[in-house]
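The values are calculated or read from the model by the stated rules, or taken from the named source; none is laboratory data. From a predicted model like this one, the values you see are computed outputs, not experimental measurements. Note that each Cβ is placed from the backbone with ideal geometry, even for glycine, and that neighbours are counted across all protein chains shown. Side chains included, ligands, DNA and RNA excluded: accessible areas come from the protein's heavy atoms. Shrake-Rupley method; radii C 1.70, N 1.55, O 1.52, S 1.80 Å.
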Amino acid sequence: MNYNEIARYLGTRGAPLWPEAVAWASACMQELEGTVAPRVLGRRLSLSLFAGESRDLDHHLRHCAEGILFAVTLGVEADRLLRRWRVQSMAKAAVGQAVCAVWLDTLCADYCARLQLQLREGSYLVPPFSPGYGDWDLCVQRQVLELLQAPERIGLTLTAGGMLVPEKSITALVGISDRQEEACGQKCMRCKKSDCSFRSVPVEQ
């Protein structure tokens with residue numbers, strides 16, 4: 001469990017978690033691990049399906065012809081726990097939200113690492129890009145879920161307002177490039193919003 005990442009999602013701006021938050025994070029993670037069964041699915045496809053939908057996405061995938069669309073969800077069990085934590089304590093619920101977000105990030109990173117191992121030599125994954133990033137409109141989520149058959153395969157659906165259900169879920173698109181320099185593993189470093197309060201700090205090499 002990465003307490004620094006949990007603190008980042010809580011907006012501490014570099015300050016470490018306070019002792020009570022550490023205890024809540026540990027308790028939330030223990031409850032999640034005992035209840036939640038994350039699910040992941042992906043599909044390799046032509047990026048022409050999304051061409052012209054977003055200038056930011058087009059630029060991000062400018063050296064890619066194919067990509068892998070994927071979804072990760074913690075499932076309805078995580079949503080139930082979040083509702084329970086809100087009743088117990090709004091502060092605990094906020095920490096639980098951050099724990100879920102960090103777990104989802106970790107699952108996405110692990111999935112992409114496994115994908116990279118399956119690619120032929122000389123192919124590299126460009127960092128994930130999700131609906132809602134930059135100018136890629138969230139309304140594309142419906143198309144994403146249809147392409148993945150996510151409702152049938154992992155129970156991932158949309159509300160009338162376009163929000164993912166279960167709440168703790170992510171969809172993303174990773175491009176496949178023949179340029180090694182495209183495989184930037186630094187979280188957030190290719191995003192133009194440098195003033196984002198949730199922006200990750202580059203990892204020391």
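Applying the selection to the range 53-84, what residues are open to solvent by 50 Å² or more (accessible area, probe 1.4 Å) and among the β-branched types (Val, Ile, Thr)?
Start the filter on the range 53-84 by keeping residues that are open to solvent by 50 Å² or more (accessible area, probe 1.4 Å), which leaves 53, 55, 58-59, 62-63, 65-66, 76-77, 80, 83-84.
Once the filter is applied, which keeps residues that are open to solvent by 50 Å² or more (accessible area, probe 1.4 Å) and among the β-branched types (Val, Ile, Thr), the range 53-84 yields only Val76.
Six or more apart or on different chains, Cβ atoms under 6 Å: show the pairs whose first residue is in the range 91-102 and among the aliphatic types (A, V, I, L, M) and whose second is not in a helix (DSSP H, G or I).
From the range 91-102, the pairs are Ala98/Leu10; Val102/Asn2.
Pairs only if they're at least six apart or on different chains, beta carbon under 7 angstrom, first in the range 121-141 and closer than 11 Å to Asp56 by Cβ and in contact (Cβ under 8 Å) with a residue 12 or more places away in the chain, second open to solvent by less than 20 Å² (accessible area, probe 1.4 Å) and charged (D, E, K, R); list them, first residue then second.
From residues that are closer than 11 Å to Asp56 by Cβ and in contact (Cβ under 8 Å) with a residue 12 or more places away in the chain, there are no pairs.
Scan the range 180-187 and tell me whether some residue there is acidic (Asp, Glu), modelled with pLDDT under 95 and open to solvent by 80 Å² or more (accessible area, probe 1.4 Å). So that I can check it myself, show each step before the final result.
We begin by selecting, within the range 180-187, every residue acidic (Asp, Glu); these are 181-182.
Adding the requirement that they be modelled with pLDDT under 95 leaves 181-182.
From what is left, the residues that are open to solvent by 80 Å² or more (accessible area, probe 1.4 Å) are 181.
Yes, the conditions are met somewhere in the range 180-187.
Does any residue of the range 121-139 turn out to be at pLDDT 95 or above, buried (at least 20 other Cβ atoms within 10 Å of the Cβ), under 24 Å from Leu82 (Cα atoms) and not β-branched (Val, Ile, Thr)?
yes
Hey, among the residues in the range 85-100 that are open to solvent by 10 Å² or more (accessible area, probe 1.4 Å) and of a type outside the set (A, V, I, L, M, F, W, C), which one's nearest to Ala25 (Cα to Cα)?
The initial filter retains those residues of the range 85-100 that are open to solvent by 10 Å² or more (accessible area, probe 1.4 Å), namely 86-92, 94, 97.
Now narrow it down to the ones that are of a type outside the set (A, V, I, L, M, F, W, C): 86, 88-89, 92, 97.
On the way: Arg86: 14, Gln88: 14, Ser89: 13, Lys92: 8, Gln97: 10 Å.
Among those that are open to solvent by 10 Å² or more (accessible area, probe 1.4 Å) and of a type outside the set (A, V, I, L, M, F, W, C), it is Lys92.
Specify the residue that is least open to solvent (accessible area, probe 1.4 Å); the eligible residues are those in the range 21-47 that are of a type outside the set (A, V, I, L, M) and in contact with a helix residue (DSSP H, G or I) (Cβ under 8 Å, 6 or more places away or on another chain).
Here is the first cut: in the range 21-47, the residues of a type outside the set (A, V, I, L, M) are 24, 26, 28, 30-31, 33-35, 38-39, 42-44, 46.
Pick out the ones that are also in contact with a helix residue (DSSP H, G or I) (Cβ under 8 Å, 6 or more places away or on another chain) and you get 24, 28, 31, 35, 38-39, 42-43.
On the way: Trp24: 53, Cys28: 0, Glu31: 49, Thr35: 72, Pro38: 50, Arg39: 113, Gly42: 30, Arg43: 101 Å².
Across the range 21-47, the extreme among qualifying residues is Cys28.
Collect the residues in the range 1-25 that are within 15 Å of Ala94 (Cβ to Cβ), over 17 Å from the mean Cα position of the chain (by Cα) and not hydrophobic (A, V, I, L, M, F, W, C), keeping them in residue-number order.
Answer for the range 1-25, where residues must be within 15 Å of Ala94 (Cβ to Cβ), over 17 Å from the mean Cα position of the chain (by Cα) and not hydrophobic (A, V, I, L, M, F, W, C): Tyr3, Gly11, Thr12, Glu20.
Phe50: open to solvent by less than 40 Å² (accessible area, probe 1.4 Å), at pLDDT 95 or above and touching a Gly at 6+ places or on another chain (Cβ under 8 Å), yes or no? It would help to see each step written out before you state the result.
Details: open to solvent by less than 40 Å² (accessible area, probe 1.4 Å): yes; at pLDDT 95 or above: yes; touching a Gly at 6+ places or on another chain (Cβ under 8 Å): no.
No; evaluated as a whole, the condition is false for this residue.
Within the set of pairs 6+ apart or on separate chains, which have a first residue in the range 31-50 that is among the β-branched types (Val, Ile, Thr), a second that is open to solvent by 20 Å² or more (accessible area, probe 1.4 Å) and modelled with pLDDT of 95 or more, and C-beta atoms under 6 Å apart?
Note: pairs meeting the criteria are Thr35/Glu77; Val36/Glu77; Val40/Tyr111.
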